[in-house]
Amino acid sequence: MITIEVNNRRIEAKRGEMLLSALRRAGITVPTLCHMEHLFPSGACRMCVVEVEGQRNLVPSCAFPVVEGMKVQTHSPRAVRARKTIIELLLASHPDDCLYCVRNGNCQLQTLAGELGVRERSYTGEKNNYKIDTSSASIVRDPAKCILCGRCVRVCEEVQGVSAIDFINRGSRARVGTAFDQGLNVSSCVNCGQCVLVCPTGALREQSHIKKVLDALADPNRYVVVQHAPSVSVTLAEEFGMKPGVDICGVMTSALRALGFRRVFDTAFSADLTIMEEASELAARIAHGGILPMMTSCSPGWIKFVEEFYPDFIGNLSTCKSPQQMLGAVIKSYFAEREKIDPARLFSVSIMPCTAKKFEAERPEMLAHGEPDIDAVLTTRELAQMIRMKGLDLHALPPDTADTPFGRRSTAGKLFGASGGVMEAALRTAYYLLTGKDMENPKIQALRGFQGIKETRIRIGELDIGAAVVSGLGNARKLLDAIRAGRNDLHFIEVMTCPGGCIAGGGQPYGTDLDAVRERMQALHRIDRDEPVRFSHRNEDVERLYADFLGKPLSEKSHHLLHTRYAPREVVV
Amino acid sequence: MSTVADVEPILKQFANGGRDALIPILQAVQERHGYLSREAIVQIGRHLKLPVSKIYGVATFYNQFRFQPQGTFHIQVCRGTACHVKGSAAVLRACRQALKIEPGQTTKDGAFSLEVVACMGACGLAPVINVNGEFHAAVTPDKVKAIINTYRGKVAQDAPTH
Amino acid sequence: MCHDSDACRRRIATRAAVLRRERLDRPVVFVGTGTCGLGAGAGKTLAAVKRYLVDRQREADVVEVGCIGLCSAEPMLDVQLPGRTRVSFQGVTEDKVAGLLDAVFAGDIPADSVIGQFRTAAAQPWPGVPYVDEHPFFAPQTRWVLANCGMIDADQIDEYLARGGYRAFADTIRTKTPAEVCDMVEASGLRGRGGGGFPTGTKWKYALNTPGEQKYLICNADEGDPGAFMDRAVIEGDPHRLLEGMAIAAYAIGASKAYVYIRAEYPLAVRRLVRAIADAKAYGLLGDNILDSGFDLDIVIKQGAGAFVCGEETALIHSIEGKRGMPRPRPPFPAVQGLFGKPTVINNVETLANLPELAARGHEWFRAVGTKTSKGTKVFALSGKVARTGLVEVAMGTRMRQIIFEIGGGIPNGKAYKAAQIGGPSGGCIPAQHLDIEIDYESLKTVGAMMGSGGLVVMDEDTCMVDVAKFFMDFIQRESCGKCIPCREGTRRMLEILQRITRGRRNETGQEALERFKGVMYLNRLAEVIKDTSLCGLGQTAPNPVLSTLRYFRDEYEAHIFERRCPAGVCTELLTYRIDAAKCKGCTLCAKKCPAEAIMGTPRSPHYIIPDKCIGCGTCVDVCRLHAVVVE
C-alpha cells in the first residue's frame, strides 16, 4: 500500500492501481460515463478528470496509475468546470427529450446535468438526425441519444463475444451500428440486452409490450393470464426503493392480480416441468449413445448464438423448450381445455428478466395453429412501469399465491434464475431417474457463484457425470472451442447468456451493480435452503400434469408441445 | 464486375495474417475492384476470423475506403492549407458545378467521381487536383472545365461501340 | 573489402567518383521527377528529353532525381557536361526542352532560365553563371537532411553509398553499444521533428531500458499536416538516408523489426521505398546478422488509409494493428508498451533522416548549430502567398523574416504580409510584429504557435484570418477520431460558432444575432476545456489556430461579428454584390444562373441584384463575361 494526497487528505492506495479505484475506496465520488468495471479503461468520456500536481493538463483518473505522494484535487474549480462543459457539450447534441424518454428519472446524463448545475443551453447547434432502429423483436436503438461512450460495443465484444455492433465512421459523424449499418434484426445480435443494461442514456431500450398488454387487459373478449420468471420476484423490490435481495413473490402476485391478470402462474413451475423433460432426455442420450455433451436450451440468446456461430453444436442442444414456452404451450392446450376457454381468447403474458424472451416468443417454432403461445413478454422494468402507472403501493398490498394448475414450484425450479441453478435442478432429478433415490445433499456448491465457467464431476450410480456451467457468451466460446478441439469428458452443460445468470439479464433494472446481483443470487439460494420441496420431480402440480394430460416425459404429447427444433442462421457474423 | 472469387487470390497472399493484415487486405481488395463490396468484406471476415461489424467499423473509419464503385476518372481536389489559401474552395465549387455531383458521389454515367482530400503534399503547386493519379497544378475555376473536358473526350474514345 | 590493397582502394575511389558524377565521359541530363515536379509537368519534360536525345542522336545519360526543394521553379532540369559543373534550370516545360538543350550542348547557358551552377568537384565552372549556393533561396540554408535531394538518382543505392552512405551505420553496429548510441543522440539535443519536440535520445532510452525480447521501431511517415510535404520529398529524393537512420535507431533501442507507416496519398514515395528496401536487403544492409554484427533488422511498409489522427502515436499503433485509428490513454507510453504490447519507439522521418550525419560526425558537431534548447536544423515546407515556394532547411534559430522574405522571396504581386501559419492545424500564426522571431521550439510557444512538422503557409492581406481559423477547425472536425467528448463535440461547436460569424446576415433572427455576439466568449471557454481535457494531441492542440488568430487579429473577428464585414474580402456571404450599370449589357445570363433568383432586369438593359435575396454564392461573378459584377 502507498499513500497519496487527495483534496488535502492522505489516503491509502494499492500499488499499480488506477487513481479512480483508490478514490472510490476512499468514498470520493468522481463521475464517469464510459468506465466499465473489470475492463481496461477507455479514457473516452473525460468526466473523471482530476487535477494532479505536476501534470500540465487535467488527468483522467480512470487511466492514471497511482504514484507515491501524488497530490490530487478532484473537485477543483478547473475540474468541475471541465466536467460541466463536457455535459453541456453532450446536451448540445442530445435531443431535448427528457420528459418523453424511457430513462426519465433514471438516466446518467440527466443526473449529471442536475448535479453539475447546468442551467442554460450554452452551445446550440446542429443535432444528428439518426433514425431509430425498431427492427429487432427485443431491442430498440435510438442513435440520436447515443453519447458514444462505447459501453455497449465493449460489452457485446469483450463480455459476450458476439460483436454485433461497433463504431462506424469517425469524428462527429461517428455512431454505433451493425455490419453495413443494417437493422439489428438482420445482424448477429442475440438479443441478450446486456447493452441495454450498460447504456447510460435512452439510446438503447427494450421493445415495449406494455401497450399490447394494457390493450389486452382492457379488452373484455380477452382472457389474460401471466407467468413470472424466478428472477423477477427477487429483483422487483429494487425498482421501488427496497434493498436488493428481498423476495416479494407474494406481494408481486397481488400486484399482478390488481393489474387485471385473471390468472397468475409461476414459471418456476414449468422450470420443474423442463427438468422432467430435460433430465429424461439426458438419461436417454446417455443410455442410447445420443449426442453428448447435451446443452441446456432455456436461454434464447444462447440458442441464437449457437445457430449463428456454432451450428455444428445444434445437435447438442436439448430439444426442450424453455420454461416460458413450455408453460405457454400447456396454457393454451391443457389449461384452455380444462377451463373450457377458447385458446384464441387467451392472451398469455410472461414477466421476464430477459429481452431475448421477446424474440423467443416470436420464433415460428413457438406458434401453435398460427398463434404464438406467448403473446407478450414484459421485462422486470416494464412490470415496474405498469405497477407505477396503476398507482399500486407494493408496501400496502397483502401477499398472495399463484394459481393452480401451474402455481406450485420446487426450490429447484426457483434456482433457474441464477447461474448453475438449471444444472443443480437437473442433476437432482437425473440422480433420481437413474438411481430411484433422492440426493442426500441436494446442494451442489461447486456450481454456485459468479465464476464464468464452473465444473464438477458427480457420481450417479455407476456413472461419472461431467457437468459444466457457463454464464456469459464469451465464456461459452471458450468451452465450445475446447470441445471443438477435442475435449470430450463432459455430459451436460448449462449455458446462460448473461454473466451470473438470468438475475443479471437484459430486462433487469438498469446498470451493472454486481452487489445487487449477488444479493439476488443469495435470495434464490436462501429459498432453496429454507423451503421443503427441493426436487422438480416432487412437484405435485407437475405430477398431475403428466397424469392428466402429458402421460410421461418424452411422450408423443410431450414432444409435440414441449419440444422444439433449431436450424443454422444465415446472418453476417 | 467484381466477383467474390476475386478476393481469394488476395487472401491467399495473407494466408498467415492476423488482425494486422486487415488494412493491407482492404487496400489490396479496393485496389483490385475499385471499392469494397459487401461480399468482399464478408469473405475477409471469414478469412481473418473477425466479426464483420469490426471490419465495417475499421473500413468506415478511414478516408481511403469506398463502398461504391468510382467513376472511370476519379477526381481528387486537395483542400490542404496551402491550396485553400490559394483558392481551392472555388476550384471545388467549379468541379461540383461542372459535374453536378457532390464529393463522395459518382456521375450517373459512371464517368466521373469526386473526392475531397485533406492534403496531397504538393503544396508548392497549389491549388492541386489529381485525376487518376495525374496531378494538375495551379488549377483555377476557369481551367476546371477544360481539364474535365479532356477526360470526357477520353471516356468517349474508350467507349465500346455497339 | 575484397583485397586490402592500394589497387582495390583506387578502384573503389574511382568508382565512387563516377557514381558521384565527378568524372563523366558523357553528358548527363537530370530531371526532377518528384511529385512536385510531376505535378508541374516533369513527366512530359522527361519524355521530351529522351525524344530530343534520340532525334539529335546525342549520347547522354538521363537521370531522374527528387525535389531539390524549389517547387515554384518546377519542372527543373539540370545538365552536366563532361568536365564542367552541373547547371540547374527552372520552368523547363516540355516545349522548352529542345531550345534549352540545343543551347547548353552548344556551350551556352541561357540566363533567363538558369538557377545556378553547382560546385561540382574537379569540374570547370561556367563563367558568368551564378552559383546555386549563392541563390537567395539556397544561400541561407543549412542542408543536412536535404543534402542529396534533387542531386542523386533516388533509386540507385550505389549513388548513396558513393556519397558515404551507410558508413555511419556500419561503424555504429560494429563499434558502439546501443546504450552508447542513445547517449550520443541524447547529448546531441536532437528533438522529435514531427511536432512533439521530445528529446529523441531520452525516448530511445525508455525503450532500451524496458526489458523485452521483441521491440519495434516505427517511422512515422504519415505526414498528415496539410501544408507539410518535407517527409515526402525526403523519401522520394533520398530514401536510403531514411533507411540508414532507421537502422541506427533500431539498433539503439534493440528492435529487430521496423515499420514505415506512410500515407497512401504518397504512391511515388512508397515505390521508392519499396525499391530502396529491396536494394538494401540485397546488399546485406538489412536482414539477418547485418555485416556480421549479430544485429537483425527487417523493415516493413504499412500504408495509412487516410486518417490525420493516425499521426498520433497510439492511434498509429492501432492502425498498424488493424483497428480503428483511435488513441488510447497514456500511461503506458509506447516506449514501454506499444505495438502488439511491446516496447516501441515512433520517430518522424526527419528525425530519423538526421541520424546518419549525426552518427558520422558526432554530437558536438550537431550541437554547434541551433539555439540553446533546439539544436540542429529544421526543414520547413514553405507555401502559400510567397514568391518561392518549396522546401527549406535552416538552422534552428533562423529568423522568420529571413525565411519568408529572403529565401521565399517575399509576398508576390506587391501585397502586404499578414501572417504565416506554422504547425498546421495544431499551430498558430505569426503576425508581422513577430517576424523577427528566432524560430525554435520554445520561442514559437511564447507567441502562441507551435513548430509542428514544419509546414509554413504564408498569407497576405487578401487572406481572411477568421476564414483560416474556420478552415483549420473544419479540418480538425473531419479528422477527429470521435472518441473523446471534448474534441468530438467541442470542436464541432467551435466550428459552428465560426460558421455563424462568417455567415450572411440575411434573415437572421434576434436570437441568432445574440448567439453571434456571444460567439467569441464561448470560443475562448471551449478552447480552454478542449485543450485541458482532450485525450490526445490532436484535440489538445485543435483550438490553437483559433486562439492564435483571436490573439493577433481580434479586429477582424470584431468586423465580422459586429460590422458584418470581411475586411479581406474572402467570406463570400459577407460580401455585397452589385452590378456596375455602366458595364452591364443585359445579356441576362446572371439572372438565369442565379440560384436565389435575386437578379432582375430586362434583356439588353443593365441588371440589378436584390441585396436581400442575394445569398452571396458568387455564381454571377463566375458567369459574367464582362466583369460587370462588383464585389465589395
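The values are calculated or read from the model by the stated rules, or taken from the named source; none is laboratory data. All values reported here derive from a predicted model rather than from experimental measurement. Quick reminder, even Gly has a Cβ in these numbers, built from the backbone with ideal geometry, and neighbours come from all protein chains shown.
Taken over the stretch A:20-60, residues that are closer than 30 Å to A:Gly161 by Cβ and outside any loop (DSSP other than H, G, I, E, B) amount to 4. Residue count for the stretch C:1-42 under the criterion of being of a type in the set (Lys, Arg) and within 17 Å of C:Asp238 (Cα to Cα): the result is 2. Specify the residue that is modelled with the lowest pLDDT; the eligible residues are those in the stretch C:331-369 that are within 14 Å of chain A (Cβ to nearest Cβ) and farther than 20 Å from C:Ala258 by Cβ. If we take residues in the stretch C:331-369 being within 14 Å of chain A (Cβ to nearest Cβ) and farther than 20 Å from C:Ala258 by Cβ, then C:Pro331 is modelled with the lowest pLDDT.
Scanning the stretch A:97-126 for residues that are outside any helix (DSSP H, G or I), loosely packed, with under 13 Cβ neighbours inside 10 Å and away from every other protein chain (no Cβ under 12 Å) gives A:Asn104, A:Gly105, A:Gly117, A:Arg119. Just one of the numbered conditions (1) outside any strand (DSSP E or B); (2) over 18 Å from C:Leu391 (Cβ atoms); (3) under 27 Å from the mean Cα position of the chain (by Cα) is not true of C:Val87: (1). Report yes if C:Glu479 is farther than 25 Å from C:Glu558 by Cα and out of contact with any Ser or Thr (no Cβ under 9 Å at 6 or more places or on another chain), otherwise no. The answer is yes for C:Glu479.
Note on the stretch A:188-198: residues that are closer than 20 Å to A:Leu148 by Cβ, touching a helix residue (DSSP H, G or I) at 6+ places or on another chain (Cβ under 6 Å) and either crowded, with 24+ Cβ neighbours inside 10 Å or outside the structural domain of A:Ala137 (by TED's automatic domain parsing) (or both) total 2.
Taken over the stretch C:175-209, the criterion of being over 20 Å from C:Leu242 (Cα atoms) and touching a Lys or Arg at 6+ places or on another chain (Cβ under 9 Å) is satisfied by C:Ala179, C:Asp183, C:Ala187, C:Ala207, C:Leu208.
Of all residues in the stretch C:278-320, those satisfying the criterion of being surrounded by fewer than 18 Cβ atoms within 10 Å (Cβ to Cβ) and either at positive phi or within 14 Å of chain B (Cβ to nearest Cβ) (or both) are C:Gly284, C:Gly287, C:Asn289, C:Leu291, C:Asp292, C:Gly294, C:Val300, C:Ile301. Within the set C:Arg58, C:Arg21, the sole residue that is closer than 20 Å to C:Gln124 by Cβ, in contact (Cβ under 8 Å) with a residue 40 or more places away in the chain and more than 14 Å from chain B (Cβ to nearest Cβ) turns out to be C:Arg21. Each residue in the stretch C:45-63 was checked for being within 26 Å of C:Leu382 (Cα to Cα) and modelled with pLDDT under 95, and 0 of them qualify. Scanning the stretch A:212-219 for any residue that is at pLDDT 95 or above, part of a strand (DSSP E or B) and either closer than 26 Å to A:His35 by Cβ or of a type outside the set (Asp, Glu) (or both) turns up nothing.
Only one of the numbered conditions (1) free of Cβ contacts under 8 Å to residues at least 60 places away in the same chain; (2) surrounded by 19 or more Cβ atoms within 10 Å (Cβ to Cβ) is not met by C:Thr602, and that is (2).
Scanning the stretch A:235-247 for residues that are part of a loop (DSSP other than H, G, I, E, B), crowded, with 16+ Cβ neighbours inside 10 Å and not β-branched (Val, Ile, Thr) gives A:Pro244, A:Gly245, A:Asp247.
Residue-level analysis places B:Ile75 outside the set of residues that are at pLDDT 95 or above, in contact with a Phe, Trp or Tyr (Cβ under 7 Å, 6 or more places away or on another chain) and among the β-branched types (Val, Ile, Thr).
When A:Ser93 is tested against (1) more than 9 Å from chain C (Cβ to nearest Cβ); (2) over 24 Å from A:Gln508 (Cβ atoms); (3) within 32 Å of the chain's Cα centre (by Cα); (4) small (Gly, Ala, Ser), just one condition goes unmet, and that condition is (1). Examine the stretch C:38-60 for a residue that is within 21 Å of C:Gln141 (Cα to Cα), assigned to a helix (DSSP H, G or I) and not aliphatic (A, V, I, L, M), and state whether such a residue exists. Checked against the condition, which is being within 21 Å of C:Gln141 (Cα to Cα), assigned to a helix (DSSP H, G or I) and not aliphatic (A, V, I, L, M), the stretch C:38-60 yields no hits at all.
Restricting attention to the stretch C:53-77, the residues being in contact with a Leu (Cβ under 6 Å, 6 or more places away or on another chain) and surrounded by fewer than 20 Cβ atoms within 10 Å (Cβ to Cβ) number 0.
Among the residues in the stretch A:251-264, are any touching a Phe, Trp or Tyr at 6+ places or on another chain (Cβ under 8 Å), within 22 Å of A:Ala356 (Cβ to Cβ) and touching a residue at least 12 places away in the same chain (Cβ under 8 Å)? No, because not a single residue in the stretch A:251-264 is touching a Phe, Trp or Tyr at 6+ places or on another chain (Cβ under 8 Å), within 22 Å of A:Ala356 (Cβ to Cβ) and touching a residue at least 12 places away in the same chain (Cβ under 8 Å).
Here the condition is being surrounded by fewer than 24 Cβ atoms within 10 Å (Cβ to Cβ), in a loop (DSSP other than H, G, I, E, B) and within 14 Å of chain A (Cβ to nearest Cβ); of C:Lys372, C:Lys323, it holds for C:Lys323 alone. Among the residues of the stretch A:121-138, those identified as at pLDDT below 90 and not β-branched (Val, Ile, Thr) are A:Arg121, A:Ser122, A:Tyr123, A:Gly125, A:Glu126, A:Lys127, A:Asn128, A:Asn129. Scanning the stretch C:533-578 for residues that are in contact (Cβ under 8 Å) with a residue 40 or more places away in the chain, within 14 Å of another protein chain (Cβ to nearest Cβ) and farther than 18 Å from C:Met459 by Cβ yields C:Thr533, C:Ser534, C:Leu535, C:Cys536, C:Gly537, C:Leu538, C:Gly539, C:Thr541, C:Ala542, C:Pro543, C:Glu573, C:Leu575.
Evaluate the stretch C:508-515: report whether one residue or more is more than 9 Å from chain A (Cβ to nearest Cβ), charged (D, E, K, R), surrounded by 14 or more Cβ atoms within 10 Å (Cβ to Cβ) and not in a helix (DSSP H, G or I). Yes. Note on the stretch B:3-99: enclosed helices (runs of 4 or more DSSP H) holding 1 or more residues that are within 11 Å of another protein chain (Cβ to nearest Cβ) and closer than 20 Å to C:Glu321 by Cβ are B:22-33, B:38-48, B:52-61.
If we keep just the residues of the stretch A:554-572 that are away from chain B (no Cβ under 14 Å) and of a type in the set (A, V, I, L, M), which is surrounded by the most Cβ atoms within 10 Å (Cβ to Cβ)? Here the answer is A:Leu562. Search the stretch A:347-376 for residues being β-branched (Val, Ile, Thr) and within 18 Å of A:Glu239 (Cα to Cα), and hand back the single one that is surrounded by the fewest Cβ atoms within 10 Å (Cβ to Cβ). Going through the qualifying residues, I end up with A:Ile351.
All conditions but one from (1) in the same structural domain as C:Leu190 (by TED's automatic domain parsing); (2) free of Cβ contacts under 8 Å to residues at least 40 places away in the same chain apply to C:Leu100; the one that does not is (1). Scanning the stretch A:248-262 for residues that are surrounded by fewer than 20 Cβ atoms within 10 Å (Cβ to Cβ) and assigned to a loop (DSSP other than H, G, I, E, B) yields a total of 2.
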